[in-house]
1. Rounded to the nearest 20 debye, what is the charge dipole size of the range 210-290 about its Cα centre when +1 sits on each Lys and Arg Cβ and -1 on each Asp and Glu Cβ?
2. To the nearest µm²/s, what D does Stokes-Einstein give for the chain at 37 °C and 0.692 mPa s, using the Kirkwood radius over alpha carbon pairs as Rh?
3. Using θ = phi - 60° and the Karplus relation 6.51 cos²θ - 1.76 cosθ + 1.60, list the HN-Hα couplings for the range 297-306 in order, rounded to whole Hz, with x at every Gly or Pro.
4. For the range 99-181, what is Rg from Cα atoms divided by 2.2 N^0.38 Å, rounded to two decimals?
5. Pairs to check: K152/K253; K117/K199; K77/K253; K112/K152; K5/K309. Give those whose C-alpha atoms are more than 19 Å from each other in this structure.
6. May I ask you to give the solvent-accessible area per residue for the range 174-260, in square angstrom, as obtained with a 1.4 angstrom probe?
7. Please list M216, M183 in order of solvent-accessible area, largest first, computed with a 1.4 Å probe with all protein chains present.
8. Amide H of D233: which non-local residues (sequence gap of 5 or more, or other chain) have their own amide H closer than 5 Å, using H built in the peptide plane?
Amino acid sequence: MEQKKRIFSGIQPSGDLTLGSYMGAIKNWVALQDDYDCLYCIVDMHAITVRQVPADLRRRSLEQLAQYIACGLDPEKNIMFIQSHVAEHAELAWVLGCYTQFGELSRMTQFKDKSQKHADNITAGLFTYPVLMAADILLYQTDLVPVGQDQKQHVELCRDIANRFNGVYSETFTLPEPFIPPMGAKIMSLGAPESKMSKSDPDGCVFLMDRPEEIMRKFKRAITDCETAVKYDRENKPGVSNLLTIYCAATGKTMEAAEQEFAGQGYGVFKPAVGEAVVELVRPIQEEALRLMKDKAYLESIYQSGAQKAQALAQKTLRKVYKKVGFVAR
Ligand code: TYM
């Protein structure tokens, strides 16, 4: 049988999962899980690049695993694990950091944004974050990285680092490709549709575990424009276009079908309809996630066996890398 291609992706447990991370990432992970050999990670080491409350980080890491499974990721098919359980991530990151230019890291948009937001705490970790992300991906000889639009630049840097290393030491790493979904790659804030929906903006952000009333409230208050037509036009109607995108991603309908459905109807009908579609989307996910959270022993068995399997793969790559750079074998 032909070997399946490999996927790696991850989400930071730095906040609760959002509708953006569901539509930009997890939904596609679920769709790809049968055709690829997949590793889905909870990247807790990335999360500490900005200050976290330890108890919250620990709780959210577990909740995130429960939510991954509740979204439809099958723990029998995929390797699901917590980044800090596989020490090779940090070890490879050190080596790769020695093959990454200061200038390359300075150009990363996420670094520029986050260092503005956390101006009193611009750490070396925040700066070298993309190197750790490159290590995550390259450790597993990953072919495809399904992420939202905002992570494309990091995956491209990862390719550059891999290419450079391969050029110096001969073929070592598979060059990964980003997979950016055609629909939902950049879900915008409901309160400010010109910026990305992000967990640091709770009012414009819908969380996967928000209560139905809360979801409806957020959609009813979503910013639109002073026209009445429900039409997709990203330039001139960013709010409505974002709501249409969310509606399509939640229901599986095409953009044309959605526009037709709401033709001649005002925003007063459209906005609650999007809210209801999202409530229906998350209802079964929430029920399953709450059920799984009660079964700590089950979650523990998933992340422990996940880490074991991931580590076996990671060790192979790291051994190769250590040998190539000239470290004495232990
Ligand atoms: P993170 O934790 O910020 O986001 C997780 C995933 O969700 C996507 N996403 C969105 N997609 C569409 N619209 C949005 N509003 C939205 N917000 C978030 C992100 O693009 C991402 O795919 N650096 C990564 C985590 C990471 C990683 C990796 C990813 C660490 N190592 C290796 C892939 C491979 C991050 O901060 O994602």
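1. Values: 11 positive and 14 negative charges, 44 e Å.
Here the size comes out at about 220 debye.
2. Here the translational diffusion coefficient equals 157 µm²/s.
3. 5, 5, 4, 4, 5, 5, 6, 6, 6, x
4. Here the Cα radius of gyration is 1.12 times the empirical estimate.
5. From the list (K152/K253; K117/K199; K77/K253; K112/K152; K5/K309), the Cα-Cα distance tops 19 Å for K152/K253; K77/K253.
6. 49
7. Accessible-area ranking of M216, M183, largest first: M183, M216.
8. Hits under the 5 Å cutoff: S241.
The values are calculated or read from the model by the stated rules, or taken from the named source; none is laboratory data. These numbers come from a predicted model, not from an experiment. Please note: Cβ atoms are built from the backbone with ideal geometry, for glycine as well, and neighbour counts cover all protein chains shown. To get the accessible areas, we keep the full protein, side chains included, count just its heavy atoms, and leave off ligands, DNA and RNA. Shrake-Rupley method; radii C 1.70, N 1.55, O 1.52, S 1.80 Å.
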